[in-house]
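Worksheet: one structure, shown below.
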Amino acid sequence: MKRTTGQDRSKTTRWRAATQAVRGGTWRSEQGETSEALFLTSGYTYDDAATVAARFAGEQDGMTYSRLQNPTVAMLEERIALLEGADACRVQASGMAAMTAALLCQLSAGDHMVTARAAFGSCRWLGDHLLPRFGIDVTVVDATDNAAWEAAIRPNTKVFFFETPANPTMDVADLEYICGLARAHGITSVIDNAFCTAALQRPLEFGADVVAYSATKLMDGQGRVLAGAVCGNEEFINDKLLPFQRNTGPNLSPFNAWVVLKGLETLDLRARRQSENALKVGKFVADRVPVIRHPWLDSHPQQKLAMKQMDACGPIFSMVLDGGREQAHAVLDALELIDISNNIGDSRSLMCHPASTTHHNMGPEGREAMGIGEGMLRINIGLEDPDDLIEDLDQAFSKAGL
Ligand SMILES: *Cc1c(COP(=O)(O)O)cnc(C)c1O
């Protein structure tokens, strides 16, 4: 195996994101294959006992076991790190494995974390239920309120954890302010960047320390595999994440890593086209529903901030209907092209009712506090012709009395 671009990584780090997504981190075997090789192997063999001893002693480069290293997985990790502009990346079996590893690898009993109120349901579960069981205190704040982050800081605060835009309220948090505040207090900021990926938003450029992903979403982008990733500096990845990951084993399968590598080749193209489509469809939806939450529209309270930190609006937005769950379900049931599905980032347009699906477990009070009403619908705009999506929504809205 050798790097196609030579051993000097610094030569490849200057490539722009779209190039990294296609080329970054490519290694080729002696066969010279065009597409990355899939090493579906759990273990490795050695020519002699001295070789394996040297590898275990850390005196010789080389793979020893796929929980520790795998060539296909390593290519994906290098490509994501180059895309993100991070020193290093490790991938995990799902987005939630990534979030759990990114938090548990650095937090201990007696520590404190501040997290955002509006977030993916399972991310909230980590802070509400898992971390407190291990003696880690968690404060939940309105992520759009910069002063609330500062007010929540305690002497033992170790981590700020949030996503932007947030699922499904589309709240936009101020990356530069919040990450800067964290740095000034020696707090590690962990940003869940699943809604954008590095194609549309690069938190490290705004001072973030760690960027964590559900690669299930835009990175795969075709609804095939679960995957996660954590990016950060050498010290965080090597000294904190790696010992945790190697010994607890939330590893991504080489097959799924290969699928995500194929997904990344078209990430830039998909993220931009889906954003263009989401803007066109969003403008149509804005005229038909009482409330739309779309980061690129004038009605969004943080539109300016969104445009400062994102390159495009991304594929996802939400809307709020006056007729509650009944009307929201009626819209979903009337769809002919768009699928009823709770996934996002997919190349197909998908729509869901968060209160009865992704945020069902939070209960009515939890949802109320997060700003998720019974009339909210979330949509992921795919790669179909946006005019077909508009026609489908038009007829579904009409059938639901909008
Ligand atoms: C989907 C999602 C996750 C969880 O990722 P999985 O791959 O489903 O485990 C975490 N955060 C956000 C913002 C997500 O959209």
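The values are calculated or read from the model by the stated rules, or taken from the named source; none is laboratory data. Treat the numbers as computed from the prediction; the structure is a model and nothing was measured. We place every Cβ from the backbone using ideal geometry, glycine too, and count neighbours over all the protein chains shown. Just the protein is used for accessible areas: all its heavy atoms, side chains included, with ligands, DNA and RNA removed. Shrake-Rupley method; radii C 1.70, N 1.55, O 1.52, S 1.80 Å.
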Could you list, in sequence order, all residues of segment 74-94 that are within 16 Å of the ligand (Cβ to nearest atom) and surrounded by fewer than 23 Cβ atoms within 10 Å (Cβ to Cβ)? ALA93, SER94
Just for segment 311-344: of the residues that are out of contact with any helix residue (DSSP H, G or I) (no Cβ under 9 Å at 6 or more places or on another chain) and within 16 Å of the ligand (Cβ to nearest atom), which one is least open to solvent (accessible area, probe 1.4 Å)? ILE344
Checking ALA166 against (1) part of a loop (DSSP other than H, G, I, E, B); (2) in contact (Cβ under 8 Å) with a residue 60 or more places away in the chain; (3) open to solvent by less than 10 Å² (accessible area, probe 1.4 Å); (4) within 10 Å of the ligand (Cβ to nearest atom), only one condition comes out false. Which one? (2)
I'd like to know if segment 60-70 contains one or more residues that are within 22 Å of ARG14 (Cα to Cα) and open to solvent by 20 Å² or more (accessible area, probe 1.4 Å). no
Hydrophobic (A, V, I, L, M, F, W, C), within 16 Å of the ligand (Cβ to nearest atom), part of a loop (DSSP other than H, G, I, E, B) and under 14 Å from MET170 (Cα atoms), is that true of ILE372? yes
Filter segment 220-232 down to the residues that are in contact with a Gly (Cβ under 8 Å, 6 or more places away or on another chain), near the ligand (Cβ under 10 Å from one of its atoms) and not in a strand (DSSP E or B) and list them by number. ASP220, LEU226, ALA227
Taking the stated definitions as given, is GLU150 away from the ligand (no atom under 16 Å from the Cβ), open to solvent by 50 Å² or more (accessible area, probe 1.4 Å), in contact (Cβ under 8 Å) with a residue 60 or more places away in the chain and not in a loop (DSSP other than H, G, I, E, B)? no
On the given criteria, is ALA97 open to solvent by 20 Å² or more (accessible area, probe 1.4 Å) and closer than 30 Å to ALA17 by Cβ? yes
